[in-house]
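Shown next, in structure tokens, is the structure this report addresses.
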Amino acid sequence: MRFNINDKVKLIVPLSYLKTSDNMPMLRPPDLVAIDEVGEVISIKSLDTVEIKFRRGSFLIDTNKIEKI
């Protein structure tokens, strides 16, 4: 699925960890983002990874783990 900047998305599978989108990415616990929480795509890092802004931060997430709303 193709994603564009400003698309509203949500997780479709639970994650084992979250990777921050900082200059020095860190792994964070998965409970920072709920499955039903809506986020916004703020950049596209590669064909398989997008940067999504959620309420508790911005994270790098694989496109096969999210869906558009």
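A few comments on the model shown:
- Beta bridges per DSSP with both ends in the chain, % antiparallel, nearest 5: 100
- Taking all Cα pairs closer than 8 Å and separated by 6 or more residues, the relative contact order of the chain comes to 39 percent.
- Charge dipole (debye, nearest 20) of the chain; +1 at Cβ of Lys and Arg, -1 at Cβ of Asp and Glu: 60
- Cβ-derived FRET efficiency at R0 25 Å, Lys68 paired with Leu27, nearest 0.05: 0.45
- Site pair Arg56 and Phe3 shows an inter-label distance of 1.8 nm when each label is modelled 7 Å from Cα along Cα→Cβ.
Readers should treat all values here as calculations from the given coordinates under stated rules, not as data from a laboratory. Worth saying up front: this structure is predicted, and the values here are computed from it rather than measured. Note: ideal-geometry Cβ built from the backbone for every residue, glycine included; neighbour counts use all protein chains shown.
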